[in-house]
Protein chains: 2
Amino acid sequence: MVGYMNAESWGKTLETGKACFWSRSRKKLWVKGETSGNVQIVKEIYVDCDQDAILLKIEQVGGAACHTGYRSCFFRRLEKGKLIAKGQRVFDPKEVYGE
Amino acid sequence: MVGYMNAESWGKTLETGKACFWSRSRKKLWVKGETSGNVQIVKEIYVDCDQDAILLKIEQVGGAACHTGYRSCFFRRLEKGKLIAKGQRVFDPKEVYGE
């Protein structure tokens, strides 16, 4: 998954050891998994060359990072101009988030 | 690596099969590897759940994506508050880009 971090979410990530982002749509701190329980336990942190991107290696509680129930948000591959879902859902979003 | 794409760079990527980005600092199309020769041959394209991020699986010509000569731009790991370089340089940036 890709998420946005500001200074507050970065600090919270370091402090708690769980991935925290900043929701630009909701304008609030977003502890990943706060609703679903599928938090991300941070194992390693890498910083890129120009220091404007962070790569978190995490343990994904529940096995799926994506709100659609797939392991990865990148669950669709472009094939001949169409997006084709790959892999299986780990959970049913209706059961986790409600209808 | 992480790069920004606009519609033009996305179209160019699909058309050429090589990763193209949009340089927001230089305000121009950026064919990755145009200077170093280390182009990225696109093998697979994944699109994320909310369709605002793209994951390219690529063959990295020259073995290094980063202008620093490391395989990945994420070559430094945070360890006890310090960034520690991991792995070895694939090339010497001075030889590729000049002094």
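Comparing B:G33, B:F21, B:G69 along the charge dipole axis of chain B, the residue lying farthest to the positive side is B:G69, per the Cβ-charge model.
Sorted from shortest to longest, the distances between the A:A7 label points of this copy and the other copies are 3.7 nm, with each point 7 Å from Cα along the line through the beta carbon. Cβ crowding within 10 Å, taken as a proxy for footprinting-reagent exposure, orders A:K94, A:K86 from fewest neighbours to most as A:K94, A:K86. The A:K94 and B:V2 beta-carbon pair, evaluated with R₀ = 35 Å, returns a calculated FRET efficiency of approximately 0.60.
Label A:E59 and B:V31 with points 7 Å out from Cα along Cα→Cβ: what is the distance between them in nm? In this crude label model, A:E59 to B:V31 measures out at 4.7 nm. Computed over region A:2-46, the quotient of the alpha carbon radius of gyration and 2.2 N^0.38 Å is 1.06. Summary for B:V90: label point 7 Å along Cα→Cβ; distances to the equivalent points in the other copies, ascending, 2.9 nm. Looking down the axis that turns chain B into chain A, the chain B residue with its beta carbon nearest that axis, and the gap rounded to whole angstrom, comes out as B:V2, 4. In this simple spin-label approximation, A:A85 and B:E44 carry label points 7 Å from Cα along the Cα→Cβ vector, and these lie 1.7 nm apart. Between B:L14 and A:L78, the simple label model (points 7 Å from Cα in the Cβ direction) yields a spacing of 0.6 nm. Does anyone have the angle between helix A:7-16 and the longest principal axis of chain A? Alpha-carbon axes, 0 to 90°, nearest 10? Taking Cα atoms only, the helix is inclined about 90 degrees. Each residue in B:K12, B:K28 was given a count of other beta-carbon atoms within 10 angstrom of its own, and listing them fewest first yields B:K28, B:K12. Global size of chain A: 14.6, 45 Å for Rg and Dmax (C-alpha atoms, Rg to one decimal, Dmax whole). Reported to the nearest whole Å, the Cα centre-to-centre distance from region B:36-99 to region A:46-68 is 16. Compute the orientation-averaged projected area for the protein assembly as shown from the convex hull of its Cα atoms and round it to one decimal in nm². The Cα convex hull of the protein assembly as shown, projected and averaged over all directions, gives 12.8 nm².
Where a number appears in this text, it was derived from the coordinates with a stated rule and is not lab data. Here the structure is a predicted model, which is why all the values come from computation and not from measurement. Heads up, the Cβs are rebuilt from the backbone with ideal geometry, glycines too, and the neighbour counts pull from every protein chain shown.
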